[in-house]
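Asker: Below you'll find the structure I mean.
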Amino acid sequence: MAVKKNEALVIVESPAKAKTITKYLGPGYEVKASMGHVRDLPKSKMSVDVQRDFAVDYQPIAGKEDVIADLKRSAKRSEKVYLATDPDREGEAISWHLKELLGLPDESTYRVTFNEITKKVVNESIARPRQIDMDLVDAQQARRVLDRVVGYQISPFLWKKIRRGLSAGRVQSVATRLVCEREEEIRNFQSEEYWSLDADLERIRPNLGRFTAAFYGADKRQELHSEAEVNAVMEAVKTAPFTVAGVKRQEKQRNPAPPFTTSTLQQEASRKLGMSPRRAMAVAQQLYEGVDITGEGTVGLITYMRTDSLRLSDEATAAAKDFILGRYGKEYYPGKARVYKAKAGAQDAHEAIRPSNVRLVPEEIKKDLSQEQYRLYKLIWGRFVACQMSSAVYDSVTIEADSANYRFRATHTALKFAGYTAVYVEGKDEDEEAAQSPLPDLKEGEGLELKGLKPQQHFTQPPARYTEATLIKALEEKGIGRPSTYAPTISTIEGREYVVKEGKYLRSTPLGETVNMVMRDKFPDIVDYDFTAQMEEKLDEVERGKEKWKDLMKDFYSDFSKELEKAESDVGERIKVPDEVSEEVCPVCGRHLVYKSGRFGRFLACPGFPECTYTQPIVEQMPGKCPRCGGRLMKRTGKSRRTGKQYTYYGCEYNIIREGNPHEKCEFMTFDVPVEQTCPSCGHTMFKLSGRGARKPFCINEACPSFLPEDKRGYYKKKEDGEKTAAKKTATKKTAAKKTAAKKTTAKKTAAKKTAKK
């Protein structure tokens, strides 16, 4: 009996995406997941023959045999096959690999893409399919082959020169260089002295306003570089009268930030949510592919999240207008849709990242989302709505006071109309300035009384280390990498331990600095900012069909092979990576412990090995002081004897007593996280519950009137033994019911097959 053919097979990457799309397509469509890539360059060899016109040896990915066989069976019984992988270079390449590997004929194979996974877009895309875009495929092949050649030919050189297990890459090596150069800037920074001078002023008529004005200068802005200069100004103004030289009042408008691109989403998720770029993209992928929403079914909540475009569809801006007018009122809408211009060189293939349906308000669907999904969706939703709202309006007042030919200035800004800030305020990489006090209503020429002068010495600070957010921003500004590369690049350089993350900052390690030194010496082009940016532009030219990918590879390899050959001939002596010395002291022999790497990451070890074999996990100093003895608080890790899993706790530095230490052992230990704030009642360090998100600090000092008992801190209540037993019985019943249902389904399928054969 002939097998009845399906109308169409739709292949996507993930089961979640398949589940969402199945809901939108009618009967006759079978939706299957390829589980990502099905074919790639095997890791065991370079798989690129540079001598034979860069011939590429793609192989089916090990472990995907069952998936590939299932897709082949489904394709054979389908009249049409729609390849619906992600709408970018990588997605186009996956579709091409599927077509080649499954042996799909041209006449019945179609490519469709979804910028957002909604019923309207899915059905419109299926109705307007296209052929696979080989320019996009070739651009992805060029990137893949280029990175493979660089990585697989430089890495063995680094093994010979430094140590085994190292790697180099076209983008990762440049990112490492950025972090190393910033660390060098910090080490070489020469601090300079400067002073500030504040005057505490009051109206001559009492009780009518007191304020603080900062020293500005004489005829123009003047810096105070020494105590002598400050004293000269103070002596001059102490006996001279102060008068109001000018009062300037004005309205200032602040416009909303544009909608998210991939890089700005990663930066803001890092600043506001503490999410790593890789985690932010993983959660965004979940929101794009679809989430089960009560009353809606499975819904794709955001548009495609790998984009460098700021473009928004007319439909999206119209929906935002209706929503803003309905919820916030006419004054919160600027009168027409805001249009944002993308930076030069942006591919503009997709819209900016936005919610698929602006009426799915985060708070209303919170119960259907995980904590991470909710927080990221709220960020994306808020940024999109805000970008179409009216500007915020501020009242700004500046008062200038003169004395002895010196000018002092005070400024205050107050929010007059919230505008877009009612929904969203962009995060900052730098610390926010202190809040300003309101200024009295003064008039020009009015006399002022000097109540005091406050000189303060300062020193210039070195540039801040990169955070994940600012490193992504630097890479983007230099034109290095593309939206899909930022997250894996940072994960790679952290995983290789070329850089380490301390708090939110990235610091280069001696290993990273050694690798960077060798790369800059032997492969200057690979770590050159301009060269790497130009290579990205050439890859874009391949995508636009203006250059052949193999021609690009030939041009690159002609110079690269010469650098490689010269480096191989100059290998010389092996470079020893210096140990990174910590402040921790070995309790056995008194030496300073050094950082080492093992199977489970970095740890501290005594440099006296093999005579001294002492090791300990890395500890990190936390803010605040021990509430029992006043010592430093340290972040530590332990391992459960029962489960073998690691856990984090916080303890006093004197929890481990070293030889010669005058302190007694302090037993303080907690799983709560110490914070910078001190209790206003007793002055002790405050703590907060561990975990993601904003948590309210509390005092743990039992003698303090603000003490918060453990049962009121928000811990999950432990179940009683009876509750645990009941829960286990319920879970067992559910499991048994699922197994029975599965057996019945299998029996039905078997019976149906037997009937079909007869």
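Asker: Any residue at all in region 85-99 that is at pLDDT 95 or above, open to solvent by 30 Å² or more (accessible area, probe 1.4 Å) and more than 27 Å from the chain's Cα centre (by Cα)?
Answerer: Checking region 85-99: at least one residue is at pLDDT 95 or above, open to solvent by 30 Å² or more (accessible area, probe 1.4 Å) and more than 27 Å from the chain's Cα centre (by Cα).
Asker: Kindly indicate whether any position in region 290-297 is open to solvent by 10 Å² or more (accessible area, probe 1.4 Å), part of a helix (DSSP H, G or I) and under 19 Å from residue 91 (Cβ atoms).
Answerer: No - not one qualifying residue is present in region 290-297.
Asker: Do you know which residues across region 299-315 are open to solvent by 10 Å² or more (accessible area, probe 1.4 Å), touching a residue at least 24 places away in the same chain (Cβ under 8 Å) and over 17 Å from the mean Cα position of the chain (by Cα)?
Answerer: Passing the criteria: 299, 310, 311, 312, 313.
Asker: Follow-up question, since we're still on this one. Would you tally the residues in region 196-211 being open to solvent by less than 70 Å² (accessible area, probe 1.4 Å) and either touching a strand residue (DSSP E or B) at 6+ places or on another chain (Cβ under 6 Å) or modelled with pLDDT of 95 or more (or both)?
Answerer: Counting residues in region 196-211 that are open to solvent by less than 70 Å² (accessible area, probe 1.4 Å) and either touching a strand residue (DSSP E or B) at 6+ places or on another chain (Cβ under 6 Å) or modelled with pLDDT of 95 or more (or both) gives 9.
Asker: Where the second residue is open to solvent by 80 Å² or more (accessible area, probe 1.4 Å) and in a helix (DSSP H, G or I) and the first is touching a residue at least 24 places away in the same chain (Cβ under 8 Å) and lies in region 501-524, which pairs have Cβ atoms under 8 Å and are six or more apart or on separate chains?
Answerer: The qualifying pairs are 522/566.
Asker: For residue 85, indicate whether it is among the hydroxyl-bearing types (Ser, Thr, Tyr), in a loop (DSSP other than H, G, I, E, B) and touching a residue at least 24 places away in the same chain (Cβ under 8 Å).
Answerer: For residue 85, the condition - among the hydroxyl-bearing types (Ser, Thr, Tyr), in a loop (DSSP other than H, G, I, E, B) and touching a residue at least 24 places away in the same chain (Cβ under 8 Å) - is met.
Asker: In the set 330, 252, which member is open to solvent by 60 Å² or more (accessible area, probe 1.4 Å), in contact (Cβ under 8 Å) with a residue 24 or more places away in the chain, more than 23 Å from residue 12 (Cα to Cα) and of a type outside the set (S, T, N, Q)?
Answerer: Answer to the check: 252.
Asker: Condition (residue is within 30 Å of residue 52 (Cβ to Cβ) and either open to solvent by 50 Å² or more (accessible area, probe 1.4 Å) or at pLDDT below 90 (or both)) applied to region 517-526: is it met by at least one residue?
Answerer: Within region 517-526, one or more residues are within 30 Å of residue 52 (Cβ to Cβ) and either open to solvent by 50 Å² or more (accessible area, probe 1.4 Å) or at pLDDT below 90 (or both).
Asker: Still on this structure, I have one more. Given the conditions (1) under 22 Å from residue 40 (Cβ atoms); (2) open to solvent by 10 Å² or more (accessible area, probe 1.4 Å); (3) out of contact with any strand residue (DSSP E or B) (no Cβ under 8 Å at 6 or more places or on another chain), report the number of the one that residue 128 does not fulfil.
Answerer: The failed condition is (1).
Asker: Give just the number: which of (1) open to solvent by less than 20 Å² (accessible area, probe 1.4 Å); (2) of a type in the set (Phe, Trp, Tyr); (3) part of a helix (DSSP H, G or I) does residue 152 not satisfy?
Answerer: Of (1) open to solvent by less than 20 Å² (accessible area, probe 1.4 Å); (2) of a type in the set (Phe, Trp, Tyr); (3) part of a helix (DSSP H, G or I), only one is false for residue 152: (1).
Asker: Quick check on my filter: what residues within region 171-195 are open to solvent by less than 40 Å² (accessible area, probe 1.4 Å) and assigned to a strand (DSSP E or B)?
Answerer: 195
Asker: A follow-up question, please. Taking residue 62 as the residue in question, decide whether it is modelled with pLDDT under 95, among the hydrophobic types (A, V, I, L, M, F, W, C) and out of contact with any helix residue (DSSP H, G or I) (no Cβ under 9 Å at 6 or more places or on another chain).
Answerer: It is true that residue 62 is modelled with pLDDT under 95, among the hydrophobic types (A, V, I, L, M, F, W, C) and out of contact with any helix residue (DSSP H, G or I) (no Cβ under 9 Å at 6 or more places or on another chain).
Asker: All but one of (1) exposed (fewer than 15 other Cβ atoms within 10 Å of the Cβ); (2) under 29 Å from residue 156 (Cβ atoms) hold for residue 581; which doesn't?
Answerer: (2)
The values are calculated or read from the model by the stated rules, or taken from the named source; none is laboratory data. Keep in mind it's a predicted model, so treat the numbers as computed, not measured. Backbone-built Cβ (ideal geometry, glycine too); neighbour counts: all protein chains shown. The area values use the complete protein model at the heavy-atom level, side chains included, leaving out ligands, DNA and RNA. Shrake-Rupley method; radii C 1.70, N 1.55, O 1.52, S 1.80 Å.
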